[in-house]
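The next block holds one structure in the form of structure tokens; read it before the comments.
Any read-out appearing in this document is the output of simple, stated calculations on the displayed coordinates, not a laboratory observation. Keep in mind that this is a model prediction, so the values were computed, not measured. All Cβ positions, even for glycine, are placed from backbone atoms using ideal geometry, and neighbour counts span all protein chains on display.
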Amino acid sequence: MFNPKYTITIRLLANIKRIAELVTELNGRHFSDVVLFEFERRAREVSAHSSTSIEGNPLPLTDVKRLLKSAPEVARDSEKEVLNYNRALVYLNNTSQEKVSLNLKLVLGIQKMVTDGLVNKFHSGKIRQEPVFVNNPKTRQTVYFPPDHQDVSNLIDELIGYVDSNKNKIDHLILAGIFHKQFVIIHPFIDGNGRTTRLVTKMLLSNMGLNTFNLFSFENYYNNNVTKYFENVGLLGNYYDLKDNIDFTSWLEYFTDGIIDELLRVTGELNKVKVNVDEQLQSHHKLILDHIKKSGFIKDSDYALITKRARPTRYIDFQKLIALELIERQGKGKNSYYILKIKEEG
């Protein structure tokens, strides 16, 4: 029976309280749909880059942004890793509002998504049926021997059972942190362990009550110091020699430090958003933006159906949104239409 050891230290308690304060503050603020759309896109870019970079993916953030924008059908393995991770993020973002429960089917589905086209089908969406070893990427020496494959299924069932039975008893932050480290320790897959762990952890963190959760990239903190992340999340040695003495306390402190860091980072970015943008938008401008969000684009003829404004005035409305860099025009003459403006960065 899985029964993790940890202590609610002064530091950990302070972190939990600080996170609650930041979440309450963010939930009390209002952002336009355009701002939310833009920040969610940025978060997925940073998350896809950070989580795959932790595992050694060489693509810089600028290339990741271009890749996600073009989404090519034919891609190299390094590009597939990023595209797969982004696909999984979109899936989890769409289901985060549904309070999906943690279960084995979900975990296997996420691993299948991140490894699609990268490993053979026998290893995609399946618990490993052979031994694995964790090597130091620099020295290539084995530094960790995970549990035997015969024990993996039971260990995963115990972990999922622990999270499920304690979801109304233990703080979501602690549960997510415990899941994260223990899943890494079990190392249940041939490939995709780290990426799957971080994605499922994001799903568990979505229960912490942050309304704008999709705007955050918690993987970013780990990628800023990968060595420190591995030192905190992993083990060195043989699982069976270590399992009875594993203490999650220092990891939970580090884990919650990272959540605070990311909440503060994105809060700072949100504070830079021009306050006067929303103030300049009238109800007719918001009609245009809402229509684009639902349909992907809007033509003048579409706008004419949902407003009584004259054609010259409609033209002025479009021009104002273009000037505010919220939309851009595509096509010419009668074939012209408007889409949300995707800002280039980096």
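If the only charges are +1 at each Lys and Arg Cβ and -1 at each Asp and Glu Cβ, what is the size of the charge dipole of the chain around the Cα centre, to the nearest 20 debye? Before the final figure, lay out the partial values.
Values: 47 positive and 42 negative charges, 287 e Å.
In total the dipole reaches around 1380 debye.
Be a star and scan segment 291-312 for residues whose amide nitrogen sits under 19 Å from the point 7 Å along the Cα-to-Cβ vector of residue 339.
Answer for segment 291-312: 291-303.
Is the shape of segment 276-340 best called rounded, prolate or oblate, per the rule: a/c under 1.5 gives rounded, else a/b larger than b/c gives prolate, else oblate, with a ≥ b ≥ c the square roots of the Cα gyration tensor eigenvalues?
Working: a/c = 1.40, a/b = 1.23, b/c = 1.14.
Rounded shape, in that the Cα axes give a/c under 1.5.
Once you've got the Cα coordinates, tell me which of 69/121; 17/69; 105/169 are over 30 Å apart.
17/69
Multiply the residue gap between residue 105 and residue 139 by 0.36 nm, knock off their C-alpha separation, and tell me the result in nm, one decimal place. The partial results should precede the final answer.
On the way: separation 34, 0.36 × 34 = 12.24 nm, distance 3.58 nm.
Once the chain is fully extended between residue 105 and residue 139, it gains 8.7 nm.
Given the rule -39500 (n - 2.57) for each run of at least 4 DSSP H residues, summed and divided by the residues of the chain, what is its mean residue ellipticity at 222 nm, to the nearest 500 deg cm²/dmol?
Working: 16 runs with 206 residues, N = 346.
Theoretical 222 nm ellipticity from helices: -19000 deg cm²/dmol.
Calculate, for residue 247 and residue 286, the FRET efficiency according to 1/(1 + (r/R0)^6) with r their C-beta to C-beta distance and R0 51 Å; round to the nearest 0.05. Walk me through the numbers before you get to the answer.
Numbers: r = 52 Å, r/R0 = 1.02.
With a Förster radius of 51 Å, E is 0.45.
With just the Cα atoms defining each centre, how far is segment 1-60 from segment 305-327? Give it in Å.
37 Å
Label residue 309 and residue 325 with points 7 Å out from Cα along Cα→Cβ: what is the distance between them in nm?
About 2.2 nm, to one decimal.
With r as the distance between the Cβ atoms of residue 316 and residue 17 and R0 = 45 Å, compute the FRET efficiency 1/(1 + (r/R0)^6) and round to 0.05. Can you show the working numbers first?
Numbers: r = 50 Å, r/R0 = 1.11.
After rounding to 0.05, the efficiency reads 0.35.
For the residue pair residue 170 and residue 240, what label-to-label distance in nm results when each label sits 7 Å from Cα along the Cα-to-beta-carbon direction?
2.6 nm
Please compute the modelled spin-label separation between residue 158 and residue 130, points set 7 Å along Cα→Cβ, answer in nm with one decimal.
Taking the simple label geometry, residue 130 and residue 158 are separated by 2.6 nm.
With a cut-off of 8 Å between alpha carbons and a minimum separation of six or more residues, what is the relative contact order of the chain in percent?
Details: 377 pairs, mean separation 76.2, N = 346.
After rounding, I find 22 percent.
With unit charges on the beta carbons (Lys and Arg positive, Asp and Glu negative) and the dipole taken about the Cα centre of segment 10-271, which residue among 258, 117, 106 sits farthest to the positive side?
Checked the options; the winner is 117.
Calculate the FRET efficiency for residue 273 and residue 95 from the Cβ-Cβ distance with a Förster distance of 35 Å, rounded to the nearest 0.05.
0.80
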